[in-house]
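Worksheet: the structure to be examined is printed underneath.
The values are calculated or read from the model by the stated rules, or taken from the named source; none is laboratory data. Treat the numbers as computed from the prediction; the structure is a model and nothing was measured. A quick note on method: Cβ atoms are made from the backbone with ideal geometry, for glycine too, and the neighbour counts reach across all protein chains shown.
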There are 2 protein chains.
Amino acid sequence: MISSVTVTAPASIANLGPGFDVFALALHQPVDTVKASPAGELVISGIEGPGSEKISKDPSKNAVTLAAGRALEMMGKDLGLRAEIKKGIEPERGLGSSGASAVAGAMAANELYGGGLSETQLIEAAAFSEERIAGSLHYDNVTASTTGGFVIIGSFQPLRYTKLDPPPMKLVVASPEMGAPTKKGREILPKSVPLQKAVINIARASSIVAALKDGDLDMVGEHMIDSIVEPVRASKIPNFEGVKEAALKAGALGVAMSGAGPSVFAILDPESEAEGVKRAMKDAFERGGLGSEVFVTKPGLGATIKSAEG
Amino acid sequence: MISSVTVTAPASIANLGPGFDVFALALHQPVDTVKASPAGELVISGIEGPGSEKISKDPSKNAVTLAAGRALEMMGKDLGLRAEIKKGIEPERGLGSSGASAVAGAMAANELYGGGLSETQLIEAAAFSEERIAGSLHYDNVTASTTGGFVIIGSFQPLRYTKLDPPPMKLVVASPEMGAPTKKGREILPKSVPLQKAVINIARASSIVAALKDGDLDMVGEHMIDSIVEPVRASKIPNFEGVKEAALKAGALGVAMSGAGPSVFAILDPESEAEGVKRAMKDAFERGGLGSEVFVTKPGLGATIKSAEG
């Protein structure tokens, strides 16, 4: 019997412009870490890390234990686990924080009790938690945090997805100091869209997939524009357009909102210097009256079992 | 000076399910053939082949001469050409008939006078003709007929497209005996669509691109479904759903309307027998009271200069 398991799950960027609820990219950094040990019920022994004060310690409301509980149900095990949570991904920044915690929880439960859940089942367990917390069923972040790389959600019921390995790139993420809970970010969405805008998004999203497969970062960046969801959400973020423009001027190949925001990310050639883009994005947020944390990362692997003690 | 040039341009299937105005696939057969020789103005010396009685012989209304005239304008040549047109692609069947003629016309003009137009310019000249004839600017068919293979239109203004080589496959095309002018097929389209349907189409279209790149025909077929445009147009085609179901039951991997219809096409594994699917589609159209022409083809090359006489 395993006495404890430590799992990390990465942050992720959803949508990438035109791929609302369809695209997501796993990041190399930051990650959430969950150390879990067997227990008869679901227990949270501690939460630390940036933003952890915003996260519920009630196991029926916490992403780690919600997803772990769902995974245990799928495994047919009437058991729980004790979770020690170390947040690396700040919540409400649009970086898939709750999704990463959920993935780590589902994977820890599966590993602890040798449940043999498939990758798709782990994703479904994590998505169940996301539905409870964010209020809507969407698979993008949790799938990327599970599989790593770039994912395309092909259908929701049943869940079908494709993972592809994106070409090397640098990512600059600028996360302004304002919260943007996903639930609120979804409430303001339009119920319908002009056909012409839907067509444009289909065109851009399809082009991004081809460009990622071809390793053509310029073309990825060029098509990383959303005409449907981002403009609505952008109106809530001070100087969002200014941040975009500044990053592009400083050499970014493409810029978009990360998930429901408020974080904004830019893609860069892997060989290029990121300092200018970092500075440009930080300064532009400042002109909008917001401090921000800006960091450089790259595409990353999915959730990983770091250690399991027997 | 070239005394005459013969150009062929292939039929094409637009949309492929979720990619309205974005996806198109060039076919190996049928093709239109244009033999052109220098002239001071635009002249049509003859049109033959299936459905040629429906095509205008007035150079200001014919796809070949409209596109050739536009190409000459782009080349800055105040000249014309004499065109002898051999239609292989029946008009109003949703197989890019006017688009293929336009591509052949633009390419013939360029070849005759050594204009050096780029591929993108040839496509733009052909699309100009399509706008005049079909009443709306769409690049899908003309791009596929120009480049061959599978194309993704990434943006309209400016025109950006990606061509990819699809994996080997068989295509069964069933073309019922009813006309469906593209112009009418566009008039009935919805002005707006539910966000959820737009998302589903983005998901499917993106998945198709990944699947084509991966050579995964099963996944192409699975996602070859449109929730936006095809259902509206399908209501005008007797037993459309029956044709689809019959083809799938007979072993097709995916079935969709070709362009604005009424033709329906199915994709099959390249090694599989197509007879059962052909029979099933023909029989299903008959149950809807329609005779049909059913043929087997495969993805093909773009427009080709067959001969140029000095």
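For the range A:19-48, what are the residues that are within 14 Å of chain B (Cβ to nearest Cβ) and more than 16 Å from the chain's Cα centre (by Cα)?
none
Could you say which residue among B:Ser192, B:Ser207 is surrounded by fewer than 21 Cβ atoms within 10 Å (Cβ to Cβ) and at the interface with chain A (Cβ under 8 Å from one of its Cβ atoms)?
B:Ser192
Pairs, please: C-beta under 6 Å, at least 6 apart or cross-chain, first residue more than 9 Å from chain A (Cβ to nearest Cβ) and among the acidic types (Asp, Glu) and in the range B:211-231, second surrounded by 17 or more Cβ atoms within 10 Å (Cβ to Cβ) and assigned to a loop (DSSP other than H, G, I, E, B)?
Taking only residues 6 or more apart or on different chains, the pairs are B:Asp218/B:Leu253; B:Asp226/B:Gly17; B:Asp226/B:Pro18.
A quick yes/no check of all residues on (1) in contact (Cβ under 8 Å) with a residue 60 or more places away in the chain; (2) farther than 13 Å from B:Gly105 by Cβ; (3) in contact with a Lys or Arg (Cβ under 6 Å, 6 or more places away or on another chain):
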{"position": "B:Ile44", "(1), (2), (3)": "no, no, yes"}
{"position": "B:Ala68", "(1), (2), (3)": "no, no, no"}
{"position": "B:Leu79", "(1), (2), (3)": "no, yes, no"}
{"position": "B:Arg82", "(1), (2), (3)": "no, no, no"}
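Which condition does B:Phe240 not pass, out of (1) free of Cβ contacts under 8 Å to residues at least 60 places away in the same chain; (2) more than 27 Å from A:Ala203 (Cα to Cα); (3) aromatic (Phe, Trp, Tyr), if it passes all the others?
With respect to (1) free of Cβ contacts under 8 Å to residues at least 60 places away in the same chain; (2) more than 27 Å from A:Ala203 (Cα to Cα); (3) aromatic (Phe, Trp, Tyr), B:Phe240 is out only on (2).
Taking the stated definitions as given, is B:Lys197 within 9 Å of chain A (Cβ to nearest Cβ), among the charged types (D, E, K, R), surrounded by fewer than 21 Cβ atoms within 10 Å (Cβ to Cβ) and assigned to a helix (DSSP H, G or I)?
Yes: the conditions hold for B:Lys197.
Per-residue answers, yes or no, for (1) in the same structural domain as B:Leu212 (by TED's automatic domain parsing); (2) surrounded by fewer than 16 Cβ atoms within 10 Å (Cβ to Cβ); (3) out of contact with any helix residue (DSSP H, G or I) (no Cβ under 7 Å at 6 or more places or on another chain):
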{"position": "B:Pro10", "(1), (2), (3)": "no, no, no"}
{"position": "B:Val22", "(1), (2), (3)": "no, no, no"}
{"position": "B:Ala26", "(1), (2), (3)": "no, no, no"}
{"position": "B:Pro30", "(1), (2), (3)": "no, no, yes"}
{"position": "B:Lys35", "(1), (2), (3)": "no, no, yes"}
{"position": "B:Glu41", "(1), (2), (3)": "no, yes, yes"}
{"position": "B:Ile44", "(1), (2), (3)": "no, no, no"}
{"position": "B:Ile47", "(1), (2), (3)": "no, no, yes"}
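Within the range A:177-203, work out how many residues are of a type in the set (Lys, Arg) and more than 21 Å from the chain's Cα centre (by Cα).
Number satisfying all stated conditions: 2.
List pairs: first residue in the range B:256-280 and surrounded by fewer than 19 Cβ atoms within 10 Å (Cβ to Cβ), second residue modelled with pLDDT of 95 or more and of a type in the set (Lys, Arg) anywhere in the structure, Cβ distance under 6 angstrom, at least six positions apart or on different chains.
B:Pro270/B:Lys170
Does B:Ser263 meet the test of being farther than 30 Å from B:Ala108 by Cβ, in contact with a strand residue (DSSP E or B) (Cβ under 6 Å, 6 or more places away or on another chain) and in the same structural domain as B:Val199 (by TED's automatic domain parsing)?
Against the criterion (farther than 30 Å from B:Ala108 by Cβ, in contact with a strand residue (DSSP E or B) (Cβ under 6 Å, 6 or more places away or on another chain) and in the same structural domain as B:Val199 (by TED's automatic domain parsing)), B:Ser263 does not qualify.
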